[in-house]
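What follows draws every value from the coordinates through simple rules; no lab data is involved. These figures come from a predicted structure and were not determined experimentally. Ideal geometry is used to build each Cβ from the backbone, glycine not excepted, and the neighbour counts take in all protein chains shown.
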Amino acid sequence: MSPRPDLGPKPRLGYTASLLERAAERRADEAAIAAFQNDPRARTYVVGGELIVLKKAAPVNEALFTLAEARALGRTAEIAFLGLLADVPRFAIALDPPAAEALKANGDFVVSDLRSVAVRALVGVDDLPPLAEGKALLHWHARHRFCSNCGAASNLVDAGWRRDCPSCKTQHFPRTDPVVIMLPVDGERCVLGRSYRFVGSMWSCLAGFIEPGEAIEDAVRRETREEVGITCGRVAYFATQPWPFPTSLMIGCHAEAKSRDIVIDRSELEDARWFDREEVALMLLGKHPTGLTTPPTVAIAYHIIRAWVEEEIDFR
Ligand SMILES: [Zn+2]
């Protein structure tokens, strides 16, 4: 076996390790939430659909607004309580997407999608987890304003963590969609794929939604078989990452490949092939001879791939 390459210090996985205390027990306390909103220290993130609004600043932009500042930006919809940071309330407010779009022309603001905010480090890393929390939650509200049981208009309750139907009394809770993201490996080799939507020469892990009634391990094996025709045996859990595009939870795994021949599902993937450890290390280091790259360090795919390059995967 070739020696493991030195890839340097490990970067932080994006959107994880939130410093907020969610204080879920306070959500149903309307008086407490009203007091939080009136607290002069309270701050909110501003989400306009897919766009995040930031105050332009150097060296990083400011992601937090007072509630009055946020409401002055344009027409707003739901406001959700994200939690407390050292007892100071943090919210996320939904700004009308066209109003967010219009702010792109205003030099006082930086308006960008949340992927770019993370990849281009447009805010401090500690703002990324609450931005992910707020964006996913507000996206759910924007698409669940009517009861899925009877069709009546529903109401926001519990400071943004539930919607109630006044007609049929059904309670609706924010959803999170589990996605498996995996690297099939066989000793010194792994399989990477290219989705049609990937930029430039990026290659990454395979991924797919977990279906109802399906275990994580079974989803890993099914998706790998469907996308590249590889049969997998044991599956090792790696880590998870909230992925607010729109409301996913990425469940990172390594999978033990039991077959070699790749059969690409062209409806899903542009390409897929085996890579050896040395080639992948060069990709991670940004030194690949033909410029192939892995996903950026904020994404769990980078960390899944890197873990296989650096460490022995423990398939139990
Ligand atoms: Zn209803």
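Quick notes on this structure:
- Taking the DSSP beta bridges with both ends in the chain, the antiparallel portion is around 75 percent.
- Estimated 222 nm signal from helices in the chain, with DSSP H stretches of n ≥ 4 weighted -39500 (n - 2.57), rounded to 500: -6500 deg cm²/dmol
- Pairs over the 23 Å Cα-Cα cut-off, from the set Lys10/Lys287; Lys10/Lys55; Lys56/Lys135; Lys55/Lys135; Lys135/Lys169; Lys55/Lys104: Lys10/Lys55; Lys135/Lys169.
- A prolate overall shape is assigned to the chain, the ratio a/c of its alpha-carbon gyration tensor axes (a ≥ b ≥ c) being 1.5 or greater and a/b exceeding b/c.
- Percent of Cα-Cα distances greater than 23 Å, calculated over the stretch 76-177: 36 percent
- Here the simple spin-label model places points 7 Å from the Cα toward Cβ, and for Asn155 and Val60 these points are separated by 3.9 nm.
- A simple charge model with +1 on the Cβ of Lys and Arg, -1 on the Cβ of Asp and Glu and nothing else charged puts the dipole of the stretch 181-254 at about 200 debye relative to its Cα centre.
- When the chain is treated as a Gaussian network with alpha carbon springs shorter than 10 Å, the biggest mean-square fluctuation among Val119, Val298, Val179 belongs to Val119.
- Along the stretch 200-212 the Karplus relation, 6.51 cos²θ - 1.76 cosθ + 1.60 evaluated at θ = phi - 60°, assigns HN-Hα couplings of x, 10, 7, 10, 8, 5, 8, 7, x, 5, 6, 8, x Hz to successive residues, with x for each Gly and Pro.
- Amide H to amide H, with H built 1.01 Å from N, Leu82 comes under 5 Å of Arg90, Phe91, Ala92, counting only residues 5 or more places away or on other chains.
- Overall form of the stretch 92-147 per C-alpha gyration tensor (a/c, 1.5; a/b vs b/c): oblate
- The Cα atoms of the stretch 167-279 give a gyration tensor whose axes a ≥ b ≥ c have a/c of 1.5 or more with a/b greater than b/c, which makes the shape prolate.
- For Ser154, the amide hydrogen comes within under 5 Å of the amide hydrogens of Phe146, Cys147, counting only partners 5 or more places away or on other chains and with H modelled in the peptide plane.
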